[in-house]
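Notes follow the structure.
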Amino acid sequence: MTLDKISIGQEATIVQVGGEGELRCRFLDMGLIPRTKVKVRKMAPMGDPIEIELRGYELTIRKEDAQKIEVKV
């Protein structure tokens, strides 16, 4: 399952971070690393962007980027 499929208020754990090159490094720099718990806080009406909470802060990412992050509920 990918991060964009999680419902608002639901928690999940990151299993794998996709993307290539600079994009993957950016994800890792933002704290999106395997075994990190994330919670979907808000979602825009059309589903893009998505606001998530992790490690005590909120982060907003595009739906396209969220599709590259594999999670388990």
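The slack in the chain from Arg26 to Thr60, taken as 0.36 nm per residue of separation less the alpha-carbon distance, amounts to 10.9 nm. With contributions of -39500 (n - 2.57) from each DSSP H run of at least four residues, the per-residue ellipticity at 222 nm computed over the chain stands at -3500 deg cm²/dmol. A DSSP coil position with no more than 16 other Cβ atoms inside 10 Å describes the following GluC sites (Glu not before Pro) in the chain: Glu20. Sites count as exposed loop sites when they are trypsin sites (Lys or Arg not before Pro), lie in a DSSP loop, and have at most 14 other Cβ atoms within 10 angstrom; the longest stretch of the chain without one is 1-34.
Using a 1.4 Å probe over the heavy atoms of the protein chains, calculate the carbon and sulfur portion of the accessible area of the chain as a whole percent.
About 49 percent, which is the carbon plus sulfur part of the accessible surface.
With log10 I(q)/I(0) by the Debye sum over Cα atoms at q = 0.11, 0.14, 0.18, 0.21 Å⁻¹ in mind, check [x] -0.24, -0.39, -0.64, -0.87; [y] -0.21, -0.35, -0.59, -0.82; [z] -0.29, -0.46, -0.73, -0.94 and report the label derived from this structure. The value matching this structure is [y]. Each of Gly19, Pro49, Thr2 was placed along the dipole of the chain (beta-carbon charges, centred on the mean Cα), and the one lying farthest toward the positive end is Thr2.
In the context of the full set of protein chains, residues of the chain present 63 Å² of accessible surface per residue (probe radius 1.4 Å, heavy atoms only).
The values are calculated or read from the model by the stated rules, or taken from the named source; none is laboratory data. Keep in mind that this is a model prediction, so the values were computed, not measured. Virtual Cβ from ideal backbone geometry, glycine too; neighbours counted across all protein chains shown. Note: accessible area is taken over every heavy atom of the protein model, side chains too, but ligands, DNA and RNA are not part of it. Shrake-Rupley method; radii C 1.70, N 1.55, O 1.52, S 1.80 Å.
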